[in-house]
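Only one structure is covered here, and it is reproduced in the block below.
No value in this document is a laboratory result; all are computed from the given coordinates. Computed from a predicted model, the values in this text were never measured in an experiment. Counting neighbours? That spans all protein chains shown, and the Cβs are built from the backbone with ideal geometry, glycine included.
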Amino acid sequence: MTYQCPDSIDPSALPAGYPAYLGYLDGHWPTGRTITAEHPQAHIIVLTVLGGNAVADGCDVENGDLTPESGAVWARMRIDQGDARPIIYASLNTWRYQLPVQLASHAVNVLRLRRFTAHYTGTPHLCGPQCGLSWTADATQWTDAFRTPAGRVIDMSLLSGTFFGPIPTTPTTVDPEVIVRQLPTISEHGGGDVADVRTIQALCCARGNVIAIDGIFGPATDAAVRLEQGFHGLTVDGIVGPATWPVLMGVA
């Protein structure tokens, strides 16, 4: 079972009758209180866009709101305060590349979170292996162009049937090779772009290597990759491919 969950910065645009709605605690559009009052029978998901010590169901990691680092810090704070399943909302690519690094550096187990992805395909879905993840998202905002019966355009998300329940006893993980199906093979001698190299460098840094995150796959990055490969019993060749990506991302 899944649930549709609408949201909008204008609460008056939200149609009645949905089992869940998303709103915000703070920032420019603190809609959570209004949505709660107008839809008393529904589950209301309230996100903070400022983080800090805010007590909310989740946090919003995107440009202009929280960074992946401050989102991980907020999640760590909420877990320490007893929140069993804090939510992090972020784009699919942020979840694939940046958040794993920051969550690992703050000792946040990704399986403790309700993982809310944004992936605008126009088709209701939960992001998972088909989107390059090693797990299945708890919710996915799949469009920002949903048209209501009244003609209003709003966001729409799909929530898993366990979104409002306890932590699932069986984590939804897959073989690590699925993660790298859409990732490039990169080495000092080529492959990938600057963003890919920066991701590799950030992942190496999160594992204790001290190198610059400059997007240049030079000798220092090559040495860090080789060190991780040797530590995990891989072929030590400096090539970040199907065997090395999962190690750097902490899922192998």
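Just rank Met77, Met156, Met1, fewest to most, by other beta-carbon atoms within 10 angstrom. Mind showing how you got there, number by number?
Numbers: Met77 18, Met156 21, Met1 6.
Ascending Cβ contact count within 10 Å gives the list Met1, Met77, Met156.
Derived scalar couplings between HN and Hα for segment 54-63 equal 4, 9, 8, 5, x, 10, 10, 9, 6, 4 Hz in order, rounded to whole Hz, by the Karplus curve 6.51 cos²θ - 1.76 cosθ + 1.60 (θ = phi - 60°), x for Gly and Pro. The label-point distance for Thr185 and Thr121, in a model that sets each label 7 Å from Cα toward Cβ, rounds to 2.7 nm.
Quote the relative contact order of the chain in percent (integer), defining contacts as alpha-carbon pairs under 8 Å separated by 6+ residues. The value is 14 percent. Given their separation in residues at 0.36 nm each and the Cα-Cα distance between them, Gln4 and Ala150 gain 50.8 nm when the chain is fully extended. Compute the Cα gyration tensor for the chain, then decide on rounded, prolate or oblate, letting a ≥ b ≥ c be the square roots of its eigenvalues: rounded whenever a/c is under 1.5, prolate when a/b is larger than b/c in the other cases, and oblate in all that remain. Note, shape of the chain comes out prolate. Treating the angle as unsigned and between 0 and 90°, give the value, to the nearest 10°, between the Cα long axis of helix 194-206 and the longest Cα principal axis of the chain. Helix 194-206 sits roughly 80 degrees off the main axis of the chain. Stretched out straight at 0.36 nm per residue, the stretch from Glu69 to Trp29 would grow longer than its current Cα-Cα span by 12.1 nm. Model label points for Asn109 and Thr36, set 7 angstrom from Cα along the Cα-to-Cβ axis, are 2.9 nm apart. In percent, rounded to a whole number, the relative contact order of segment 82-155 is 26, using alpha-carbon pairs under 8 Å and six or more apart.
Starting with the fewest neighbours, write out Asp83, Asp60, Asp7 ranked by other beta-carbon atoms found within 10 Å of each beta-carbon. Could the numbers behind the result be given before it?
Working: Asp83 17, Asp60 26, Asp7 23.
Lowest count first: Asp83, Asp7, Asp60.
Amide H of Ile87: which non-local residues (sequence gap of 5 or more, or other chain) have their own amide H closer than 5 Å, using H built in the peptide plane? Under 5 Å from the amide H of Ile87 lie the amide H atoms of Gly58, Cys59, Arg114, each far enough along the sequence or on another chain. Please build a GNM for the chain, connecting alpha carbons under 10 Å apart, and tell me which residue among Val236, Val55, Val73 fluctuates the most. Greatest mean-square fluctuation among the candidates belongs to Val236.
Only helical runs count toward this figure. For the chain, summing -39,500 (n - 2.57) over DSSP H runs of n ≥ 4 and dividing by all residues gives -7000 deg cm²/dmol at 222 nm. Of all the options Leu158, Leu103, Leu234, the one that moves most in a Gaussian network model of the chain with Cα springs shorter than 10 angstrom is Leu234. Placing +1 on the Cβ of every Lys and Arg and -1 on the Cβ of every Asp and Glu, with nothing else charged, gives the chain a dipole about its Cα centre of roughly 460 debye. Summing Lys and Arg as +1 and Asp and Glu as -1 over all other residues whose Cβ lies under 15 Å from the Cβ of Met156 gives a net charge of -2.
Percent relative contact order of segment 1-92, based on C-alpha pairs within less than 8 angstrom and at least six residues apart?
On the way: 153 pairs, mean separation 17.1, N = 92.
For segment 1-92, the relative contact order is 19 percent.
Each of Cys204, Cys127 was scored by other Cβ atoms within 10 Å of its Cβ. Listed from fewest to most, they are Cys204, Cys127.
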